[in-house]
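Participant: Quick one: this structure, given as structure tokens, is what I'll be asking you about.
The values are calculated or read from the model by the stated rules, or taken from the named source; none is laboratory data. None of these values were measured; they are calculated from a predicted model. Note: ideal-geometry Cβ built from the backbone for every residue, glycine included; neighbour counts use all protein chains shown. Quick note on the areas: whole protein, heavy atoms, side chains included, nothing else; ligands and nucleic acids left out. Shrake-Rupley method; radii C 1.70, N 1.55, O 1.52, S 1.80 Å.
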Amino acid sequence: MPDAQSPKVVRRAKLAATAIVAMLLAGAIAVLLLRSFHARALERATELHAKQYVATTTPKANSEGLPVTLPGTLQGAIEATLYARSSGYIVRWTKDIGASVKKGDLLAEIAAPEIDQQLKQAEATRAQTAAGEALAKSTAVRWQSLREKDAVTQQDLDERSSTYKQAQSDLAAAEANVSRLRSLQGFNRVVAPFDGVVTRRNIDVGDLVDAGNSGTGRALFSVAQIDPLRLYVYVPQAYANQVKVGDAVTVTLTERVGEQYQGSIARTARAIDTVTRTMQVEIRVPNPHGALIAGSYVQVLLPIEGDNTGLVVPTNALLFRPAGSYVAVVDGQGHVRLSLVKLGTDFGTAVVVLSGLNSSDRIVVNPADSLADGDIVTATDEAVGKPLPAAPGAPQGKG
């Protein structure tokens, strides 16, 4: 009986062994396929990360020129700080900050009882002096008639005439003192010196103020004329000859993106400061609607004409190496070539390249410090952000 079942057992053992071997082979094939898949994925990821993407632009001709941006602070066309001309107490004030005023408008009143009393005393002194002058005059006239009759000596007449002239002088001095005190009394009214806006009020009712301007703490009001506004900028010597009276300029504010205000150059210093090597320029900016605020920090764009010398490139395209300044030029196959350039006028955000660059070259913007000759990059146009067309068969990644 056992001999009859032996072949069946053997066959079953062979089938089981075959199944196990098949399963092992299938597992090995699956592992190999999975490893191959991961290897290809890793290769593609490595190739993708190995690519260098750069933004490029082209140089511009230096014929149209570029605006030079300079900082400045807006000021009123006329600005005045008002002080008291008489000492006393503030009775009332009528205009607060931000109020529009016309020339002669009352801003505040000062009570100065000392001046009032001095004026009354001066008027009384003048009346007394006038009476003395009238008496001296009549006396001189009588003595003149007596002298004509030879009733008095010439010496006596001269003494009376001298007394009369002295009385006249005393009366003139008394009248001048009265006029002075009346003028001081008129200063009790603080008025606007011109049309404008009150920008500061430093007083309140009951404050004691002193005459004079010894220190900013004594200031009563500040008034500014806000249309037009003015500002001063300091133009570097390199551009001073190109700035002319009447030239139009553009004024912008950082907090108002897209808004521009037009102004014009009113006058220039016509001299270079020997310390800063700059020329002071005054600019007038119309402000009919009050959109601009005096004291604001602004940027002024001065149009500077080009001289057809060299090419203009952005300053962030420069690479600085020990041998000098370079730009990275990308050819049609994506190869990088570092070109040594000679720099000219610096416009702030752009610079003139005098040599080492052609107008048809495409240069890398914001190049990495590690960028080197022969690197292969994928270039995109800075303006549109799309890859540039490459020559057929050109490599797209770094080898």
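Participant: Which of rounded, prolate, oblate describes the range 95-145, given a ≥ b ≥ c as roots of the alpha-carbon gyration tensor eigenvalues and a/c under 1.5 marking rounded, otherwise prolate only if a/b is larger than b/c?
Facilitator: oblate
Participant: Let me ask you something else. Carbon-plus-sulfur fraction of the accessible area of the chain, 1.4 Å probe, in percent?
Facilitator: 55
Participant: Turning to a different aspect of this structure: Would you pull out the residues with amide H under 5 Å of Ser325's amide H, same chain only if 5 or more places away, H placed 1.01 Å from N?
Facilitator: Those qualifying (amide H under 5 Å, at least 5 residues apart or on another chain) are Val341.
Participant: Tell me the mean residue ellipticity at 222 nm calculated for the chain from its helices only (DSSP H runs of n ≥ 4, each -39500 (n - 2.57), averaged over every residue, nearest 500).
Facilitator: Computed ellipticity for the chain at 222 nm equals -11000 deg cm²/dmol.
Participant: Name the residues whose placed amide hydrogens come within less than 5 Å of the amide hydrogen of Arg362, ignoring near sequence neighbours (fewer than 5 apart) on the same chain.
Facilitator: Those lying under 5 Å, H to H, from Arg362 are Val330.
Participant: I need the shape label for the range 26-180. Rule: rounded when a/c is under 1.5, else prolate if a/b > b/c, else oblate, with a, b, c from the alpha carbon gyration tensor.
Facilitator: Prolate, since a/c reaches 1.5 and a/b exceeds b/c.
Participant: Per Stokes-Einstein, at 20 °C and 1.002 mPa s, what whole-number D in µm² s⁻¹ belongs to the chain, with the Kirkwood radius over Cα pairs as the hydrodynamic radius?
Facilitator: The Stokes-Einstein estimate is 68 µm²/s.
Participant: Rounded to the nearest whole Å², what accessible area per residue is found for the chain with the 1.4 Å probe?
Facilitator: About 60 Å² of surface per residue is accessible.
Participant: Å³ per residue of the Cα convex hull, for the range 255-388?
Facilitator: Roughly 187 Å³ of hull volume per residue.
Participant: Now for a different question. Need one word for the range 123-173: rounded, prolate or oblate. Basis is the Cα gyration tensor (sqrt eigenvalues a ≥ b ≥ c); a/c below 1.5 gives rounded, then a/b vs b/c decides.
Facilitator: It is prolate, given that a/c is not under 1.5 and a/b is the larger ratio.
Participant: Starting from the Cα of Tyr89, step 7 Å along the direction of its Cβ; do the same at Arg321; then give the gap between the two resulting points in nm.
Facilitator: 8.2
Participant: If Lys and Arg each add +1 and Asp and Glu each add -1, what is the summed charge of the other residues whose beta carbon sits under 14 Å from the beta carbon of Glu159?
Facilitator: Result for the local shell: +2.
Participant: For the range 136-213, I need the span (max minus min coordinate) of the C-alpha atoms along each principal axis, in Å, sorted largest to smallest.
Facilitator: Sorted largest first, the three principal extents are 75, 27, 18 Å.
Participant: Which far-off residues, 5 or more places away or on another chain, put their amide H under 5 Å from the one on Val68, with H placed in the peptide plane?
Facilitator: The list, which skips near neighbours in sequence, is Leu302, Ile304.
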